[in-house]
Ligand SMILES: C[S@@+](CC[C@H](N)C(=O)[O-])C[C@H]1O[C@@H](n2cnc3c(N)ncnc32)[C@H](O)[C@@H]1O
């Protein structure tokens, strides 16, 4: 239970919509005690720890409980808390600008960040994207036996983790954002998931996870925002046993340029200069070519590696072809999936907005 050292605290909030979840075990959580302390107390009364964990999840889902994670990276803590040291730290480690910007987004646009919430304006689009990944991962997902251990690196609000948990996997979610982790806990609890761990940590430093201890790992839309994506991939591969799979997706260079004229020279240079003056903490993104990904995977020890283009519609050059309302309707969503498949197998594949990659650990 990696989140054992996370501290619990009641909030004054709470939503009537979740009243049905209200649990009597949850009432016994004491402010300031850790998850491990609460679970031990409930177990000493003869109740299973799973019930205690369930109760915490339900209290979070009801908006009655806050969680304060112990950090595994002092740098992340500074970036997330946005203290006076954050900017100088970000200048040294530019990928921390992303952590800082993402925290700011949580304050300004929580409804966009917490897109698993059905009220989010991008809920259906984000679910559509997961369906793309799900279809690309078809064989790997169907091969996961119940109880398989899956690492979700940069798990966000739990888009993949909730689906994996529904398939019976035990998921360890790692993310740089405690706000995202708390949202993920809520969504996992709402999906009745039980076996999961949530860790506030840096994707490049997973030393708290034992070598070969996972059956699979995912890092969806994460490595392109890191300082050292190669290191993060090596870390994910290290955690997975030989024969297990590692899947990830990143931004694709050519597709990004095709979709966004401001990423092409000379506009990109102008934009970089203006940004430096105005918004220091603009998202810091790395774009990849297929060749770079292949080399990165071979170097990390992956074999039977395959790369597919995706997001031609959701974020790519055909973005105008569909909107949130189209993603909401199953009939039109089916047609958009068909269009994605067509593009993936056409010469336009080179303009994929993202690359999806998966390989087996040697
Ligand atoms: C675009 S979101 C993708 C989230 C999730 N994988 C999904 O597909 O919905 C990127 C995620 O990476 C996380 N992240 C960014 N930098 C990170 C780092 N250095 N270590 C761990 N997570 C990081 C962010 O907090 C965010 O949740």
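General observations
- Residues of the range 224-262 that turn out to be assigned to a helix (DSSP H, G or I), modelled with pLDDT of 95 or more and out of contact with any strand residue (DSSP E or B) (no Cβ under 6 Å at 6 or more places or on another chain), as a count: 8
- Residue 173 vs. criteria in contact with a strand residue (DSSP E or B) (Cβ under 7 Å, 6 or more places away or on another chain) and at pLDDT below 95: no
- Of all residues in the range 342-362, those satisfying the criterion of being part of a helix (DSSP H, G or I) and in contact (Cβ under 8 Å) with a residue 12 or more places away in the chain are 343, 344, 348, 349, 350, 351.
- Here the range 179-223 is the region considered, the condition is being in contact with a strand residue (DSSP E or B) (Cβ under 7 Å, 6 or more places away or on another chain) and at positive phi, and the residue that is farthest from the ligand (Cβ to nearest atom) is 212.
- Here residue 126 meets each of (1) within 9 Å of the ligand (Cβ to nearest atom); (2) buried (at least 21 other Cβ atoms within 10 Å of the Cβ); (3) farther than 21 Å from residue 244 by Cβ with one exception, condition (2).
- Filtered residue count, the range 151-186, keeping only those that are assigned to a loop (DSSP other than H, G, I, E, B) and crowded, with 22+ Cβ neighbours inside 10 Å: 8
- Considering residues of the range 292-316 that are at positive phi and surrounded by fewer than 20 Cβ atoms within 10 Å (Cβ to Cβ) only, the residue nearest to the chain's Cα centre (by Cα): 301
- When 142, 120, 88 are checked against the criterion of being over 14 Å from the mean Cα position of the chain (by Cα) and closer than 30 Å to residue 325 by Cβ, 120 stands alone in meeting it.
- Scope the range 73-89; condition under 14 Å from residue 176 (Cα atoms) and more than 10 Å from the ligand (Cβ to nearest atom); matching residues: 74, 77, 78, 81, 82
- Filtered residue count, the range 90-110, keeping only those that are in a loop (DSSP other than H, G, I, E, B), more than 11 Å from the ligand (Cβ to nearest atom) and surrounded by 15 or more Cβ atoms within 10 Å (Cβ to Cβ): 0
- Residue identified as in contact with a helix residue (DSSP H, G or I) (Cβ under 9 Å, 6 or more places away or on another chain) and under 12 Å from residue 155 (Cα atoms) among 207, 192, 212, 175: 175
- Restricting the range 111-122 to residues that are touching a helix residue (DSSP H, G or I) at 6+ places or on another chain (Cβ under 8 Å) and in a helix (DSSP H, G or I), the residue that is nearest to the ligand (Cβ to nearest atom): 113
- For the range 135-150, the criterion of being within 23 Å of residue 205 (Cα to Cα) and either within 9 Å of the ligand (Cβ to nearest atom) or outside any loop (DSSP other than H, G, I, E, B) (or both) is met by at least one residue.
- Count of residues meeting criterion [at pLDDT below 85 and either in contact with a strand residue (DSSP E or B) (Cβ under 7 Å, 6 or more places away or on another chain) or crowded, with 16+ Cβ neighbours inside 10 Å (or both)] in the range 68-86: 2
- Qualifying residue in the range 226-235 (condition: over 17 Å from the mean Cα position of the chain (by Cα), crowded, with 19+ Cβ neighbours inside 10 Å and more than 9 Å from the ligand (Cβ to nearest atom)): no
- Residues of the range 187-198 that are surrounded by fewer than 23 Cβ atoms within 10 Å (Cβ to Cβ) and touching a residue at least 24 places away in the same chain (Cβ under 8 Å): 187, 190, 191, 194, 195, 197.
- Some residue of the range 351-361 being at negative phi and more than 25 Å from the chain's Cα centre (by Cα): no
- Counted residues, the range 40-62 - those being surrounded by 17 or more Cβ atoms within 10 Å (Cβ to Cβ) and either without any contact (Cβ under 8 Å) to a residue 24 or more places away in the chain or not in a helix (DSSP H, G or I) (or both): 2
The values are calculated or read from the model by the stated rules, or taken from the named source; none is laboratory data. Not measured: the values here are computed from a predicted model. Quick reminder, even Gly has a Cβ in these numbers, built from the backbone with ideal geometry, and neighbours come from all protein chains shown.
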